[in-house]
Each structure stands twice: as C-alpha cells, then as structure tokens.
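The values are calculated or read from the model by the stated rules, or taken from the named source; none is laboratory data. As the structure is a computational prediction, the values presented were derived from the model and not from experiment. Note: ideal-geometry Cβ built from the backbone for every residue, glycine included; neighbour counts use all protein chains shown. Just so you know, the surface numbers come from the protein's heavy atoms only, side chains and all, with ligands and any DNA or RNA stripped out. Shrake-Rupley method; radii C 1.70, N 1.55, O 1.52, S 1.80 Å.
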Amino acid sequence: MRKAAVAAVAAAAAVGVALLVRRQVRESKRWGRAAAVLRDLEERCAAPPARLRQVADAVAVEMHAGLASEGGSKLGMIISYVDSLPSGQEKGLFYALDLGGTNFRVLRVQLGGKEGRVVKQECEEISIPTHLMTGTSHELFDFIAAALAKFVASEGEDFHLPDGRQRELGFTFSFPVKQSSIASGTLIKWTKGFSIDGTVGEDVVAELSRALDCQGLDMKVTALVNDTIGTLAGGRYDDNDVVAAVILGTGTNAAYVERANAIPKWHGLLPKSGDMVINMEWGNFRSTHLPLTEFDQALDAESLNPGEQIYEKLISGMYLGEIVRRVLLKMTQEASLFGDDIPPKLKIPFILT
C-alpha cells in the first residue's frame, strides 16, 4: 500500500512538473513572439545619423522649393507678415487666444516695458468638446467667443486699460493659414483631428470677429499668428538671439527668421527690418527616408486626411498613443499579451491619448 501511495505521489508530481514545464515553454514562446514584434518595430523605427542626415537634406530641399513658389513644396513655407519680433520694451494690457489642439487657452497680460517686463498675467485653459471638432465653423467660434467673454468679465483691478482704448487680442491659430496681412488669413486645411465644413478658404479672423460681436465684446484682433511663431516671439522677448522655434505637442511645426531678400515668392516691398518670419508647416513633410512602419501606414490610411501630415503622424502627441495601441493590439493578437481574450477597449481607435 505504502509503495503504491508513493508511486501515485511520484506520478502526480511527474505530471505536475510536466504541466509546469509545458506552461513555462508556452509562456516562453508567448513572450518570445511579443518580443519579436517589439524587435521588428525597433528595427523599422531606427534613425541612425546617416538616415537623419538624409532627412535633414530632404527638408532643406523642400524649404528652398517652398520659398521659391506657392505650392512648390510639401512644406508650406508660409509668409507670416511678421517682420519684427518683441524687444522687451512693450507696455500695456493685451489679450491672447491660443487655438491649436484639443484645448484652447485665453490669456491676459500686463506688460511694463523693459524694467517692469511681465507685471501680471492670468491664463485659463478650456477643453473643446469632441463634437465641435467636426461640427460647423459657427459652433466652434461661438463656443470660443463665449469662453473669452467670460474670461474678460473676470478682469481685475490689477489690469489697466487706458480710457477710450479698445482691448487688443492676439490670435494664435495653429493650423495652416495663407495670410494676406498681419491680421487676416484664410484657412488652407484642418489638421490634428479637426474636420469642420465651411471654414477652409475663409478668413478665420473674420469668423472670430463675428463671434466676438455676437458676444458684445469690444475687442479687436490685431495679430494672427501660428503657435510656432508665437513661441518664437516669446523666445525673442526673453533673448534677442532667438531665431527659430519648434512645437512638439498635439501636432508639430517649426518657424524661423529668414532674410526677406532670400524669399523669391515675396513680391512686396522689403520690410525695414530686412527679415521675415516663415511658418514652415513641416508637419506635412514626407520622404522615403522617414522610417515608416506598418503601424504608421495603417494609421495614415484610416485617418481623416490620408497621405497628408505624415511627419506629424510619426512624432506628435495626437498620434503617438494610437501607434502604441496598434502595437499592443498586434502583440495581443500574435502573442496573447493579455491572455487568451483581447481586451475590448484595445480595439477602440485613439483610446490611448
């Protein structure tokens, strides 16, 4: 009896060990498949110095082409009509509206000149409801103007507007715009998940001004700039040597100070400063040298603007979470990363921000 019992225990132990080994082998294979997906991704994303030089050279070629003629490049190389940047000597009360992603910001600042610099500033950030990103132009700008009116109403005694002077608003609009002056410009296209009918080809300052009038706001839009140009201006306010700015946020872009006489497509009088700020709109850059993976290609094909904003889709905040989701989904499908069942939420596009 005792021998039989021992034999039974030994047999059970052997079975248990066999099951454990089998499970470990299965786990090892599963993690091996998951690691293979990551290794492949890493190889396809590789950007060694030689490739980066090729990308930089391709950008430079597109920059020259974009400065030469309208529509001659994948880069917008948009003339901003900003021919001078802050010196730090500015004084007064100014408002700003920054629209360029899933949130917008309203700001007021009291500037005290070279000595006082920024005397006081207040800022508020408001989320844009998802339905307004694909709704109508009137709905979007009415929502923004209502929030701005509420912000203006909270203006305290620390902010001083001279008697008889109208409030001035700088409008940072972070989408491709063809400017016709410092305070007017028509929308070229929406990016960063926005797709609103009726706005492309229209003057965005006129649309904002209409919405401000509806709110009864006595406020004039005195400057229209891209967020990248706003960043450049902010940098120059603190340091006179600043000549370029880069945005890495919901989207991506760059702006820099160019010599006006080096812009063949500029047909106006040369500005007194001799300079002109260029909004590159480099989010639309694309090249065979960019490391596109299967995940990037699938995301682009299923996006609101396939074939456009390729560089932006590779590196900006709007899309990085979705790339991660797609990688995790493949690892789950091929290696049961989260067990035998795929989590339902992992199948939802843009569930990861």
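Before moving on, here are some points about what is shown:
- Tally, over the range 152-180, of residues that are over 24 Å from Thr102 (Cα atoms) and in contact with a helix residue (DSSP H, G or I) (Cβ under 9 Å, 6 or more places away or on another chain): 1
- For the range 104-143, the set of residues classified as over 23 Å from Ser209 (Cβ atoms), within 18 Å of the chain's Cα centre (by Cα) and part of a strand (DSSP E or B) consists of Ser127 only.
- Summed over the range 180-197, residues that are touching a Ser or Thr at 6+ places or on another chain (Cβ under 8 Å), open to solvent by less than 20 Å² (accessible area, probe 1.4 Å) and part of a strand (DSSP E or B) total 1.
- Inside the range 272-291, residues that are open to solvent by 30 Å² or more (accessible area, probe 1.4 Å) and not in a loop (DSSP other than H, G, I, E, B) make up a count of 2.
- Of the residues contained in the range 328-339, none is found to be surrounded by 13 or more Cβ atoms within 10 Å (Cβ to Cβ) and more than 24 Å from Glu42 (Cβ to Cβ).
- Consider the range 129-153 and keep the residues that are out of contact with any Asp or Glu (no Cβ under 8 Å at 6 or more places or on another chain) and among the polar types (S, T, N, Q). The one that is nearest to Trp190 (Cα to Cα) is Thr134.
- Every residue from the range 240-271 that is assigned to a strand (DSSP E or B) and among the small types (Gly, Ala, Ser): Ala244, Ala245, Ala254, Ala255
- Of the candidates Leu248, Leu269, the single residue that is open to solvent by 20 Å² or more (accessible area, probe 1.4 Å) and under 28 Å from Pro306 (Cα atoms) is Leu248.
- If the condition is being over 15 Å from Trp266 (Cβ atoms), without any contact (Cβ under 8 Å) to a residue 40 or more places away in the chain and open to solvent by 80 Å² or more (accessible area, probe 1.4 Å), then the range 39-70 contributes Arg39, Glu42, Glu43, Pro49, Leu52, Arg53, Asp57, Val61.
- Tabulated pairs, the range 115-128, first closer than 20 Å to Gly88 by Cα and open to solvent by 80 Å² or more (accessible area, probe 1.4 Å), second not hydrophobic (A, V, I, L, M, F, W, C) and not in a strand (DSSP E or B), C-beta under 9 angstrom, 6+ apart or interchain: Val119/Asp158
- Members of the range 198-216 found to be out of contact with any strand residue (DSSP E or B) (no Cβ under 8 Å at 6 or more places or on another chain) and either under 30 Å from Glu322 (Cα atoms) or open to solvent by less than 40 Å² (accessible area, probe 1.4 Å) (or both), listed by number: Glu207, Ala211
- Test: residue in the range 227-237 that is in a helix (DSSP H, G or I), over 21 Å from the mean Cα position of the chain (by Cα) and farther than 13 Å from Phe171 by Cα: yes
- Subset of the range 306-336 that is in a loop (DSSP other than H, G, I, E, B) and within 26 Å of Asp57 (Cβ to Cβ) - its residue that is nearest to the chain's Cα centre (by Cα): Ser316
- Of everything in the range 151-165 that is among the acidic types (Asp, Glu) and open to solvent by 90 Å² or more (accessible area, probe 1.4 Å), the residue that is nearest to Glu122 (Cα to Cα) is Glu157.
- Hits in the range 325-353 (condition: β-branched (Val, Ile, Thr) and farther than 22 Å from Gly32 by Cβ): Ile348, Ile351, Thr353
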